[in-house]
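J.: First the structure, then my questions, so here it is.
The values are calculated or read from the model by the stated rules, or taken from the named source; none is laboratory data. Everything quoted here is computed from the prediction, not taken from an experiment. When we count neighbours, we look across all protein chains shown, and the Cβ atoms used for this are built from the backbone with ideal geometry, even at glycine. The protein model used for the area step is the full one, side chains on, heavy atoms only, and it has no ligands, DNA or RNA in it. Shrake-Rupley method; radii C 1.70, N 1.55, O 1.52, S 1.80 Å.
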Amino acid sequence: MMSQPSPSPSPSPSVILATASYDHTIRFWDAKSGRCYRTIQYPDSQVNRLEITPDKQFLAAAGNPHIRLFDVNSNSPQPVISYDSHTSNVMAVGFQCDGNWMYSGSEDGTVRIWDLRSGTCQREYESRAAVNTVVLHPNQKELISGDQNGNIRVWDLAANSCSCELVPEADTAVRSLTVMWDGSMVVAANNRGTCYVWRLKKGTQTMTYFEPLHKLQAHDTYILKCLLSPEYCDPQRYLATASADHTVKIWNVDGFKLERTLIGHQRWVWDCVFSVDGAYLITASSDTTARLWTMNTGEAIRVYQGHHKATVCCALHDGTDNTAS
């Protein structure tokens with residue numbers, strides 16, 4: 001069972017920014033000043049992905065082969081709970097909007113759903129290839145996964161089965177998936193720098209139909225993360241693509257025109273996350289830094305320095321507490 005949070009060392013920051021690195025640490029940052037105010041040692045494995053719960057209380061760290069949940073408002077170095085059924089690197093983690101359950105995807109070829117409080121695995125779906133990315137449809141009823149063999153699958157949680165399967169490019173790993181906040185569009189980015197864009201249309205049952213919309217050659221090498229802008233960014237809608245070419249590109253979803261290229265990182269850019277209003281983007285790179293960019297000008301206005309090796313993932317929660325975000 002989840003233990004009680006330790007007494008808070010100070011009032012919880014309104015903006016929670018965390019990064020993880022191959023140096024086996026997780027760092028919490030004051031997003032505005034760039035000061036690191038907490039470091040968690042993570043000796044057991046690398047951390048592949050970070051995600052903050054909707055209520056801002058906990059940070060999930062996806063490692064190998066476990067997922068660990070840390071109290072955001074505590075100085076305790078120990079996780080409050082560990083999720084232990086995967087047998088290989090956990091590459092994706094996320095939460096249902098009310099924070100009742102967590103989902104994950106792993107190189108062991110499975111997608112799993114977990115009871116957040118008990119730590120038990122409630123469901124397991126077989127993808128038959130290493131899972132690189134999983135996203136939850138905004139309807140909270142379908143998970144979409146992408147794997148190393150190039151398969152994209154929709155897992156219908158009500159029917160408890162795979163309702164849709166497509167392969168945009170055979171034998172080309174799907175590295176990252178992102179869904180528009182209103183469920184109208186999904187983007188898949190692959191190892192060849194290509195983004196496939198589909199409109200999502202509701203079928204007669206709960207199944208989501210993929211209607212091909214666009215094919216975007218965004219980079220000449222791996223795209224490591226693709227991300228659509230959040231609701232409060234509307235009416236502007238953007239797609240961010242982070243790449244091994246050291247850049248992040250920002251595309252206008254209306255016609256997929258390149259708006260700007262974020263240049264400053266010296267090595268691969270592994271991860272990115274928008275602020276709640278879409279005005280800022282935070283990126284994590286093999287050059288050991290994370291950076292805060294303003295979407296207005298494409299400039300890096302803050303550099304988060306402290307990790308000693310590649311910074312491979314970041315998480316940001318600057319929305320309102322609980323489920324309003």
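J.: So, in the stretch 40-68, how many residues would count as being closer than 19 Å to Ala290 by Cβ and either in contact with a helix residue (DSSP H, G or I) (Cβ under 7 Å, 6 or more places away or on another chain) or part of a strand (DSSP E or B) (or both)?
T.: The total comes to 10.
J.: Would you mind finding the one in Thr241, Thr194 that is in contact with an Asp or Glu (Cβ under 8 Å, 6 or more places away or on another chain), in contact (Cβ under 8 Å) with a residue 24 or more places away in the chain and among the polar types (S, T, N, Q)?
T.: Numbers: Thr241 fails: in contact with an Asp or Glu (Cβ under 8 Å, 6 or more places away or on another chain).
Just one listed residue meets the conditions, Thr194.
J.: For the stretch 244-260, name all the residues that are closer than 13 Å to Lys225 by Cβ and of a type in the set (Lys, Arg).
T.: Result: Lys249, single match.
Residue by residue, here is whether (1) among the basic types (Lys, Arg); (2) in contact with a Ser or Thr (Cβ under 6 Å, 6 or more places away or on another chain); (3) open to solvent by less than 10 Å² (accessible area, probe 1.4 Å) holds:
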{"position": "Thr39", "(1), (2), (3)": "no, yes, no"}
{"position": "Pro43", "(1), (2), (3)": "no, no, no"}
{"position": "Gln57", "(1), (2), (3)": "no, no, no"}
{"position": "Ala62", "(1), (2), (3)": "no, no, yes"}
{"position": "Leu69", "(1), (2), (3)": "no, no, yes"}
{"position": "Ser74", "(1), (2), (3)": "no, yes, yes"}
{"position": "Asn100", "(1), (2), (3)": "no, no, no"}
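J.: Could I ask something else about it? Confirm whether Gln305 is in contact with a strand residue (DSSP E or B) (Cβ under 8 Å, 6 or more places away or on another chain), open to solvent by 50 Å² or more (accessible area, probe 1.4 Å) and of a type in the set (S, T, N, Q).
T.: Numbers: in contact with a strand residue (DSSP E or B) (Cβ under 8 Å, 6 or more places away or on another chain): no; open to solvent by 50 Å² or more (accessible area, probe 1.4 Å): yes; of a type in the set (S, T, N, Q): yes.
Spelling it out, it is not the case that Gln305 is in contact with a strand residue (DSSP E or B) (Cβ under 8 Å, 6 or more places away or on another chain), open to solvent by 50 Å² or more (accessible area, probe 1.4 Å) and of a type in the set (S, T, N, Q).
J.: Hand me the list of strands (runs of 3 or more DSSP E) wholly inside the stretch 153-245 holding 2 or more residues that are among the basic types (Lys, Arg). Talk me through it step by step, then tell me what you get.
T.: Details: elements: 161-166, 174-179, 185-190, 194-202, 208-217, 223-228, 238-243.
Filter on the stretch 153-245 gives 194-202.
J.: Give the residue, chosen from Gln266, Gln205, that is open to solvent by 60 Å² or more (accessible area, probe 1.4 Å) and modelled with pLDDT under 95. Walk me through how you get there before you give the answer.
T.: Values: Gln266 fails: modelled with pLDDT under 95.
Exactly one residue qualifies, and that residue is Gln205.
J.: I've got another one for you. From the list Ser85, Ser106, pick out the single residue that is small (Gly, Ala, Ser) and touching a Cys at 6+ places or on another chain (Cβ under 8 Å). Give the steps one after another, and end with the answer.
T.: On the way: Ser106 fails: touching a Cys at 6+ places or on another chain (Cβ under 8 Å).
Ser85 is the lone residue from the list that is small (Gly, Ala, Ser) and touching a Cys at 6+ places or on another chain (Cβ under 8 Å).
J.: Are there any pairs with C-beta distances below 7 angstrom linking a residue in the stretch 27-39 that is more than 19 Å from Ile301 (Cα to Cα) and part of a strand (DSSP E or B) to a residue that is open to solvent by 70 Å² or more (accessible area, probe 1.4 Å) and not hydroxyl-bearing (Ser, Thr, Tyr), with the two at least 6 apart or on different chains, and if so which?
T.: Arg38/Asn75
J.: What is the number of the single condition among (1) in contact with a Lys or Arg (Cβ under 7 Å, 6 or more places away or on another chain); (2) under 23 Å from Ala218 (Cα atoms) that Glu259 does not meet?
T.: Among (1) in contact with a Lys or Arg (Cβ under 7 Å, 6 or more places away or on another chain); (2) under 23 Å from Ala218 (Cα atoms), Glu259 violates only (1).
J.: Moving to a separate point now. Taking the conditions exactly as written (more than 29 Å from Lys141 (Cα to Cα), in contact (Cβ under 8 Å) with a residue 24 or more places away in the chain, among the polar types (S, T, N, Q) and open to solvent by 50 Å² or more (accessible area, probe 1.4 Å)), does Gln236 satisfy them or not? Outline the logic, then answer.
T.: Numbers: more than 29 Å from Lys141 (Cα to Cα): no; in contact (Cβ under 8 Å) with a residue 24 or more places away in the chain: yes; among the polar types (S, T, N, Q): yes; open to solvent by 50 Å² or more (accessible area, probe 1.4 Å): yes.
The answer is no for Gln236.
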